1. Evaluated at 25 °C with a viscosity of 0.890 mPa s, what Stokes-Einstein diffusion coefficient in µm²/s does the chain have when Rh comes from the Kirkwood expression over alpha-carbon pairs?
2. Within 10 Å of each candidate Cβ there may be at most 16 other Cβ atoms; applying that plus a DSSP loop requirement, which chymotrypsin sites (Phe, Trp or Tyr not before Pro) in segment 6-115 survive?
3. So, for segment 1-77, what is the accessible surface per residue at a probe of 1.4 Å, expressed in square angstrom?
4. So for the pair Ala23, Ala73, with labels modelled 7 Å out along Cα→Cβ, what separation do we get in nm?
5. Taking 1 over the mean of 1/r across every pair of different Cα atoms in segment 26-82, what Kirkwood radius in Å do you get?
6. Run the numbers for Thr3 and Ser84: contour at 0.36 nm per residue of separation, minus the present Cα-Cα distance, in nm.
7. Could you quote the convex hull projected area for segment 56-107, Cα atoms only and averaged over all directions, in nm²?
8. Obtain the nm distance between the two label points defined at Ser52 and Ser114 by a simple spin-label model: each point lies 7 Å from its Cα along the Cα-to-C-beta direction.
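The values are calculated or read from the model by the stated rules, or taken from the named source; none is laboratory data. Since the structure is predicted, the reported quantities are computational estimates derived from the model, not experimental observations. As a convention, Cβ positions derive from the backbone with ideal geometry for all residues, glycine included, and neighbour counts pool all protein chains shown. The protein model used for the area step is the full one, side chains on, heavy atoms only, and it has no ligands, DNA or RNA in it. Shrake-Rupley method; radii C 1.70, N 1.55, O 1.52, S 1.80 Å.
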Amino acid sequence: QVTHVESGGGLVQPGGSLRLSCATSGGIYDDAPMAWYRQAPNKEREFIARISRDGRTNYIDSVKGRFTASRDAARNTVYLQMNSLKSDDTAVYYCNIWPAIENLWGQGTQVTVSS
């Protein structure tokens with residue numbers, strides 16, 4: 001079964017850090033670029049970071065220099081290290097392959113940045 005689970009979210013103060021994980025079932029995930037997306041309250045879901053099979057990364061400007069995507073093939077897991085978090089980063093964070101497959105969206109993990 002093709003599936004994944006996001007975890008690692010929580011409540012953090014501005015300037016803090018979190019590391020999100022996306023544990024996958026392997027298979028389709030192993031051969032595809034993986035991406036992180038987020039959906040803030042009352043906003044559309046947006047792409048924020050992508051990591052290729054060989055580790056090359058791309059980020060949107062608003063997270064560049066603060067977020068780092070990585071993947072561990074042995075653990076079938078993709079990570080998103082988030083530093084210097086801001087209130088604007090508050091959202092539900094999702095992983096999916098790139099480009100996203102509609103029926104692969106998971107539950108996501110909530111990140112709340114607040115003092």
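1. Details: Rh = 13.9 Å.
It diffuses with D of about 176 µm²/s by this estimate.
2. On the way: sites: Tyr29, Trp36, Tyr37, Phe47, Tyr59, Phe67, Tyr79, Tyr93, Tyr94, Trp105; in loops: Trp105.
Answer by residue number: Trp105.
3. On the way: 4450 Å² over 77 residues.
Result: 58 Å² of accessible area for each residue.
4. In this crude label model, Ala23 to Ala73 measures out at 2.2 nm.
5. Working: mean 1/r = 0.0835 Å⁻¹.
So the Kirkwood estimate lands at 12.0 Å.
6. My answer for the length gained is 26.1 nm.
7. Reported value for the Cα convex hull: 4.6 nm².
8. 4.0 nm
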